[in-house]
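Student: Handing you this structure, nothing more for now.
The values are calculated or read from the model by the stated rules, or taken from the named source; none is laboratory data. Because the structure is predicted, anything quoted here is derived from the model rather than measured. Virtual Cβ from ideal backbone geometry, glycine too; neighbours counted across all protein chains shown.
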Amino acid sequence: MSRVFSVVKRELIDKEILIEKELELKLIVVGLLSRGHILMEGVPGVAKTYTSKAIAKLLGLTFKRVQMTPDLLPSDIIGFYVYDQKTGSFVLRKGPIFTNILLVDEINRASPRTQSALLEAMQERQVTIEGEVYELEEPFIVIATENPIEMEGVFPLPEAQLDRFLLKIEARYPSKNGLITIMKRADEIEESIRTLKPMLTRDEVLEEIKIVRDIRVEDSVYEYVASIVEETRKHPAVRLGASPRAAIAIIKAAKAWAYIEGRTYVIPDDVKAVAPSVLVHRVLVKPELEIRGVSAKDIVLEILTKVPVPKP
Amino acid sequence: MKKPLYTSLLALLTILLLLLPITCAQIDRHTVGFPEQKDENLLKSLKDKTALPEYEVSGEASLNLSEIEQLLRDPTLPLSPFDRYQLRDFSNISVYEAISRIQNEDLRELLEKLYGLNRTLTTDEVLLVLNYLRSLRVQGTLTPSDELLALKALIDLTGSGDESLHTSLLYAMLEVIKSLKARRDLESLGPLPNLLPFQPEGYLSQGSSAHTRPRIIGKLPLPTFPGFPVFPHVSLDQLVPYLGVVMIATTLFTLLRRLKPPSLEVFGRLLNRVKVGLMKRQIGSDQALAGISDPYLKAYWSSVKLMELMTGVRRSSSATHREFFIQIKSLLREDLARLFKEVTMGYELYRYAGVREAGPSIEGYYREMVRRAESKPSA
């Protein structure tokens with residue numbers, strides 16, 4: 001079983017530091033181990049920041065947070081050169097992107113220019129400042145959040161940029177009992193997160209990333225994923241189906257999921273487990289059906305109940 | 001053999017005892033305690049109290065809606081404030097208004113449909129509605145205001161062409177008012193004695209002489225069933241066939257229970273053989289299975305087919321091997337569930353993990369499953 005996830009589970013879930021967040025944490029670890037970025041959708045106050053911060057601390061990774069605003073410039077994220085009067089030369093002031101886990105709060109509040117600069121860095125895993133290329137340190141994962149109900153003063157992410165996020169996670173409200181526990185233990189939780197000690201090192205995380213890359217995928221599983229992706233394009237309620245990048249993302253995420261589940265091979269169950277989170281932001285529903293309440297998630301789930309699993 | 005007979009007789013006796021209240025209620029057809037023809041004075045006084053002298057149904061008096069409305073305004077009529085509100089401005093309301101005020105949804109829908117026909121109703125149609133009103137009244141689901149409003153709507157829907165129908169409907173309204181007055185007067189007589197089906201003989205002799213209860217029943221020290229339902233429309237001769245069926249079923253059940261266990265076991269074994277034979281045949285004739293060349297994969301899919309046949313749960317084409325196992329696990333007996341889990345895990349390792357060594361175990365566990373199924377084919 002993945003040491004990364006077992007540490008996260010033991011320290012954050014079992015000790016009730018993050019309540020009712022098992023699936024979200026599991027998917028974040030999937031993102032981390034498969035070198036993908038995560039789009040987290042949720043209303044304010046559902047512990048999105050705490051979740052990211054806690055994982056970073058536990059895994060001995062660096063963590064930074066950027067609050068997106070319309071006047072934020074690409075250089076505010078990437079970095080810029082400033083003139084140092086002492087040395088008489090320009091020195092690089094690195095932006096918050098130089099970290100292992102970057103939490104980008106309310107990504108859709110940033111201008112399209114800043115968004116694309118960030119997303120380019122996410123894809124290339126490197127940034128260019130004043131013509132010089134800087135590699136970003138591995139592991140590098142962006143956890144971007146967006147508020148599903150805000151419509152004014154936001155710049156929705158274009159489809160092409162959404163495609164760069166490996167997974168989309170819905171940060172949900174806790175149940176009533178969960179909420180009561182959170183209220184009772186609010187101060188304790190805050191203190192626990194503040195005093196979290198790293199349980200793993202960056203190298204150990206990188207080692208697991210390598211292992212995940214080598215997880216076995218049988219040919220029929222590739223066929224199964226291809227059928228799912230094709231089906232998203234054929235579905236009558238879909239305006240834009242999933243891209244080949246989506247198919248690659250499913251395989252990557254399924255490998256990480258299988259590893260977390262303690263296997264060294266992918267089975268169709270892993271594909272089914274990750275497919276909704278991988279596809280939900282890549283499948284666009286026809287507007288006339290969207291206003292009638294048909295969601296991408298419904299379509300993906302329907303496809304998963306239709307596409308036959310590998311047979312002999 | 002005596003025991004089943006005694007059991008049957010006991011069951012019959014119990015049923016008869018339970019039926020007694022029904023039969024008694026049938027004998028005594030008039031409302032128990034309600035005065036009948038014999039008590040001439042009581043009847044006369046009641047008639048005097050409930051009669052509406054000016055509108056005795058003689059056919060001579062002319063009656064119209066305004067006069068009905070006048071009668072409805074009588075403050076002594078036992079109408080609820082809501083009924084009075086519903087019946088406000090009774091003679092002047094439109095047919096649509098009358099229908100919309102009706103509270104009984106079925107009745108309102110029926111009248112709305114008739115209103116939607118946009119034509120004058122025929123006498124037959126009116127009679128059908130009147131019958132329907134009567135049935136609702138018997139069921140106790142018709143309030144006086146609903147009945148009067150329905151009659152008012154019918155008057156408007158029949159138009160003024162058929163004078164006699166019009167008058168009949170007015171008299172029907174009058175009957176409703178009469179029954180209300182009768183109720184009021186009965187209430188003014190004070191509380192009636194509580195007469196349950198089983199009362200001392202003396203009191204019953206004051207009522208109907210023609211339908212008094214047979215003496216033998218009256219003398220029996222029978223318990224009273226104040227909450228026991230009485231079915232006035234069920235006659236005893238209709239119950240006789242049912243009684244026969246109950247008797248036969250009771251006797252058969254008792255006899256079957258007395259059958260010796262070995263005979264059932266033999267029957268069961270025979271059934272098992274037939275059942276497993278059929279399953280094997282179905283698995284053998286499956287075209288999809290015939291096309292699988294790998295013997296281990298074939299063993300897994302054969303086990304899936306066997307499980308489908310045993311549990312009656314068909315595997316969906318989109319269900320994974322693990323999902324199918326979870327789906328049927330609770331339906332299988334413990335040994336089969338354990339074996340099928342082994343087969344499923346073996347298949348997973350063989351197919352997805354590439355562990356070739358897992359293949360023979362799939363076949364072995366499948367054979368064991370078949371053997372267990374033969375000894376006991378139920379899931």
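Student: Can you tell me which residues in the stretch A:234-256 are assigned to a helix (DSSP H, G or I) and in contact (Cβ under 8 Å) with a residue 60 or more places away in the chain?
Tutor: Matches in the stretch A:234-256: A:ARG245, A:ALA246, A:ALA249, A:LYS252, A:ALA253, A:LYS255, A:ALA256.
Student: A further question follows. Checking the structure you have, find out if any residue of the stretch A:219-233 is assigned to a strand (DSSP E or B), of a type in the set (Lys, Arg) and either without any contact (Cβ under 8 Å) to a residue 24 or more places away in the chain or within 12 Å of chain B (Cβ to nearest Cβ) (or both).
Tutor: As a first pass, look at the stretch A:219-233 and keep what is assigned to a strand (DSSP E or B): none.
Checked against the condition, which is being assigned to a strand (DSSP E or B), of a type in the set (Lys, Arg) and either without any contact (Cβ under 8 Å) to a residue 24 or more places away in the chain or within 12 Å of chain B (Cβ to nearest Cβ) (or both), the stretch A:219-233 yields no hits at all.
Student: In addition: Against the definition (more than 26 Å from A:THR201 (Cβ to Cβ) and assigned to a loop (DSSP other than H, G, I, E, B)), how does A:ILE97 come out, yes or no? Break it down into steps so the answer makes sense when it comes.
Tutor: Details: more than 26 Å from A:THR201 (Cβ to Cβ): no; assigned to a loop (DSSP other than H, G, I, E, B): yes.
Answer is no for this residue.
Student: Being surrounded by fewer than 17 Cβ atoms within 10 Å (Cβ to Cβ), at pLDDT 80 or above and either charged (D, E, K, R) or not in a helix (DSSP H, G or I) (or both) is true for just one of B:ASP48, B:ASP74. Which residue is that?
Tutor: B:ASP74
Student: Among the candidates A:GLN161, A:GLN123, A:GLN115, single out the residue that is assigned to a helix (DSSP H, G or I) and crowded, with 22+ Cβ neighbours inside 10 Å.
Tutor: Answer to the selection: A:GLN115.
Student: What pairs can you find where one residue is in the stretch B:318-332 and more than 7 Å from every other protein chain (Cβ to nearest Cβ), the other is aliphatic (A, V, I, L, M) and in a helix (DSSP H, G or I), and their Cβ atoms are less than 7 Å apart, with a gap of 6+ or different chains?
Tutor: That search, which allows pairs on different chains as well, returns B:PHE324/B:VAL304; B:ILE328/B:MET307; B:LYS329/B:ALA337.
Student: Please state which of the following conditions A:TYR265 fails to meet, knowing it meets all the rest: (1) more than 11 Å from every other protein chain (Cβ to nearest Cβ); (2) of a type in the set (Phe, Trp, Tyr); (3) without any contact (Cβ under 8 Å) to a residue 60 or more places away in the chain.
Tutor: For A:TYR265, the exception is condition (1).
Student: Examine the stretch B:346-363 for a residue that is over 24 Å from A:PRO268 (Cα atoms) and either within 14 Å of chain A (Cβ to nearest Cβ) or more than 49 Å from the chain's Cα centre (by Cα) (or both), and state whether such a residue exists.
Tutor: Within the stretch B:346-363 (the criterion being over 24 Å from A:PRO268 (Cα atoms) and either within 14 Å of chain A (Cβ to nearest Cβ) or more than 49 Å from the chain's Cα centre (by Cα) (or both)), the answer is no, since none of the residues qualifies.
Student: Among A:ILE169, A:ILE209, A:ILE215, A:ILE141, which is touching a His at 6+ places or on another chain (Cβ under 7 Å), closer than 18 Å to A:ALA256 by Cα and at pLDDT 85 or above?
Tutor: The conditions single out A:ILE141.
Student: Let me ask you something else. Assuming A:VAL205 fulfils every condition listed in (1) in a helix (DSSP H, G or I); (2) within 11 Å of chain B (Cβ to nearest Cβ) apart from one, which condition is it?
Tutor: For A:VAL205, the exception is condition (2).
Student: Tell me which residues, restricted to the stretch A:18-47, are surrounded by 22 or more Cβ atoms within 10 Å (Cβ to Cβ) and either within 14 Å of A:GLU190 (Cα to Cα) or among the aromatic types (Phe, Trp, Tyr) (or both).
Tutor: A:LEU18
Student: Sticking with this structure for a sec: State yes or no: is B:ALA288 surrounded by fewer than 18 Cβ atoms within 10 Å (Cβ to Cβ), within 13 Å of chain A (Cβ to nearest Cβ) and part of a helix (DSSP H, G or I)? Working first, answer last.
Tutor: On the way: surrounded by fewer than 18 Cβ atoms within 10 Å (Cβ to Cβ): yes; within 13 Å of chain A (Cβ to nearest Cβ): yes; part of a helix (DSSP H, G or I): yes.
Against the criterion (surrounded by fewer than 18 Cβ atoms within 10 Å (Cβ to Cβ), within 13 Å of chain A (Cβ to nearest Cβ) and part of a helix (DSSP H, G or I)), B:ALA288 qualifies.
Student: A:VAL309 - would you say it is within 12 Å of A:ILE228 (Cβ to Cβ), outside any helix (DSSP H, G or I) and within 13 Å of chain B (Cβ to nearest Cβ)?
Tutor: Yes: the conditions hold for A:VAL309.
Student: So if I check each of B:LEU306, B:LEU297, which one is in contact (Cβ under 8 Å) with a residue 24 or more places away in the chain, surrounded by 18 or more Cβ atoms within 10 Å (Cβ to Cβ) and within 13 Å of chain A (Cβ to nearest Cβ)?
Tutor: Testing whether each residue is in contact (Cβ under 8 Å) with a residue 24 or more places away in the chain, surrounded by 18 or more Cβ atoms within 10 Å (Cβ to Cβ) and within 13 Å of chain A (Cβ to nearest Cβ) leaves just B:LEU297.
Student: I would also like to ask the following. Quick check on A:ILE78: is it crowded, with 18+ Cβ neighbours inside 10 Å and either over 28 Å from A:ALA47 (Cα atoms) or under 18 Å from the mean Cα position of the chain (by Cα) (or both)?
Tutor: On the way: crowded, with 18+ Cβ neighbours inside 10 Å: yes; either over 28 Å from A:ALA47 (Cα atoms) or under 18 Å from the mean Cα position of the chain (by Cα) (or both): no.
Judged against the criteria, A:ILE78 is not a match.
Student: A further question on this structure: Filter the stretch A:278-306 down to the residues that are farther than 24 Å from A:ALA160 by Cβ and charged (D, E, K, R), then identify the one that is nearest to the other protein chains (Cβ to nearest Cβ).
Tutor: Selected residue: A:LYS306.
Student: Considering only residues that are more than 21 Å from the chain's Cα centre (by Cα) and surrounded by fewer than 19 Cβ atoms within 10 Å (Cβ to Cβ), which ones fall in the stretch A:262-303?
Tutor: A:GLY262, A:THR264, A:LYS286, A:PRO287, A:GLU288, A:LEU289, A:GLU290, A:ILE291, A:ARG292, A:GLY293, A:VAL294, A:GLU302
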